[in-house]
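Worksheet: one structure, shown below.
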Amino acid sequence: AVPRTRILATGGASHNKKILQVLSDVFNAPVFTIDTTNSACLGSAYRAMHGLVAERNVSLADVVKLAPEPRLAVTPTPGAEEV
C-alpha cells in the first residue's frame, strides 16, 4: 500500500539521517529528500511559475512535476507510532 502522507525534507537538516528518522517516526510517514541547492527558494519559484501559467488552467501539481525527483531517505521505525 502506498502511504497517503509523505514528508519532503530540504535544507541542511535533510542531510542528517537521525533528524529525518525522528520526523518519520513522529509523523509515521516516509521522508524524502531532493538533491538541490537553495532549497528555501524552491517553493517560491514553483509558485511564481504557477502564477505565470495559471490562466491557462495549469495546476500547481503539473508545475511541480518539473521538480527534481525526490529520493526516499527513511521510513518509519516499526512500532514507533505506539510510543
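For this structure, a couple of remarks:
- For the chain, the longest principal axis of the Cα atoms and the long axis of helix 39-53 meet at an angle of about 40 degrees.
- Inter-label distance, nm, simple model (7 Å from Cα along the C-beta direction), L52/I19: 3.1
- Looking at region 7-74, the accessible area is 68 square angstrom per residue; that uses a 1.4 Å probe and ignores ligands, DNA and RNA.
- Computing percent of Cα pairs over 18 Å apart directly from the structure and comparing it against (1) 42; (2) 68; (3) 51 singles out (3).
- For the chain, a simple Cβ point-charge model (Lys and Arg +1, Asp and Glu -1, everything else neutral) yields a dipole of about 120 debye relative to the Cα centre.
- Accessible surface of region 44-83, 1.4 Å probe, proportion on carbon and sulfur as whole %: 57
- In the chain, the longest principal axis of the Cα atoms and the axis of helix 17-27 are about 90 degrees apart.
- Full extension of the chain between T5 and A40 yields a length gain of 10.5 nm, computed as 0.36 nm times the residue separation minus the alpha carbon distance.
The values are calculated or read from the model by the stated rules, or taken from the named source; none is laboratory data. These numbers were taken from a predicted model, which means no experiment stands behind them. In this analysis, Cβ positions are derived from the backbone assuming ideal geometry, glycine residues included, and neighbour counts consider all displayed protein chains. Protein only, heavy atoms only, side chains kept; ligands, DNA and RNA dropped before computing areas. Shrake-Rupley method; radii C 1.70, N 1.55, O 1.52, S 1.80 Å.
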